[in-house]
Structure formats: C-alpha cells, structure tokens
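The structure under discussion appears below in the form of structure tokens.
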Amino acid sequence: MTDIHDAIERADQEAFTKDPPKTLKGQVGYLRKYLSAQEIGEQVGVTADSVNRYRRGARKHARPDVAAKIEAMVRERWQPLVRKRRQKKAATTGGITVETRARFGYTAPVGTTDDGRFRRLTVHLPPTYARRLFDARDAGASDQQMRGIIAEGLKEIYFQDGGGRATGLSDVTLNDIDYLDLDY
C-alpha cells in the first residue's frame, strides 16, 4: 500500500536544484543551522557528543539506522523555498499528474457494472486538486482523506471526462493501491 504523504515527499524531492550533502559531516553541519546538537541527538538516538564528533569529522560513520535518520532529517529541511515555489505553481497554474495502478470502485446507475477492477492510469488533474491536496496535507489530513481528493479528481477528469460522459457516476474510491506517483 502506498502512502500519499510519501508520494508528495518524493515529488518534492524531484524539485531539488542542488543535491543535499552526502557525507555525514556535511549532513550534521547542515542540520546544526536549524537544531542544537542535543536536539539532533534526541531525534536520532545518540548523544550530543556523538553529534559533535560527526560534525567535526572525528567520526566518519554512524550506525546505519542513525545515518538513515540523519539523512531523512536533511531531506525534510533541504531547499524549502524551491519546494514552496513548485507547490505554489502546481496549486495555481500547473496542476498535478497522478500515475497509479489501483483498484477503483464506484457507484454507478442501475444497468451498468460497478465492479471494482485494477486500472493503470496517468491523469493530469487541474490546479484546484493540487491546492486541495496540499491544504489537506498541511492540515494533517489522513491518507484516506487525501485518497478521496485524488479519487474525486480522477472521477471528474478521467471517468466523466469533464462532464462529457458517465454523468450518473456518483462515488469513485481508490482502493488496493499497487503504486502511486505524483508529479507537479
């Protein structure tokens, strides 16, 4: 199962104009601009002294789990202005492209089939859906709520073709996600 929050994070990272620091010393040095050694240590599970040793280069390697946490902290904070510009463009003019393979269920009028089935779709959703998705994420929405926003956009753009067909289709659900990727 794919998490929508992770898909947004991956799309954000594609916007990086410069790669984040790769060495442990560089990563910890970058984090020290925002957090104290004590705060970094608490978040990754080491002492402040260890963090300072990483920053000075006295320790060149951390345990794999600690190194992964430090790298994740750097990626989370890396190039926030680049991310914000890209998200603003998607929410105002560009829209968002959803590529997924999932089981779609829907409620359809009598006489038609409403059996859910796996489909592979790549659909460009208008900026209103990008804005709603970012607003929901910022408000702490659950994965299910964010799926609902994407499903609503797919219903309007893909299934109903902007109102030109399948007008009796009421609810579309996004279930059993095999993969989901977002681009904006």
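The values are calculated or read from the model by the stated rules, or taken from the named source; none is laboratory data. What you see is a predicted model; the values in this text were computed from it and never measured. Here Cβ is always computed from backbone atoms with ideal geometry, including for glycine, and neighbour counts include all displayed protein chains.
Below is a table of values for the structure above.
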| read-out | value |
| --- | --- |
| When residues of the stretch 98-114 are limited to those that are in contact with a helix residue (DSSP H, G or I) (Cβ under 9 Å, 6 or more places away or on another chain) and modelled with pLDDT of 90 or more, the one surrounded by the fewest Cβ atoms within 10 Å (Cβ to Cβ) | Thr100 |
| Filter result (within 13 Å of Phe134 (Cα to Cα) and among the small types (Gly, Ala, Ser)) within the stretch 72-91 | Ala90, Ala91 |
| Candidates Gly168, Gly94 - the one that is at pLDDT below 90 and either among the small types (Gly, Ala, Ser) or within 30 Å of Leu31 (Cβ to Cβ) (or both) | Gly168 |
| Matching residues, the stretch 15-48, being exposed (fewer than 13 other Cβ atoms within 10 Å of the Cβ) and either among the acidic types (Asp, Glu) or within 26 Å of the chain's Cα centre (by Cα) (or both) | Thr17, Lys18, Asp19, Lys22, Thr23, Lys33, Tyr34, Gly45 |
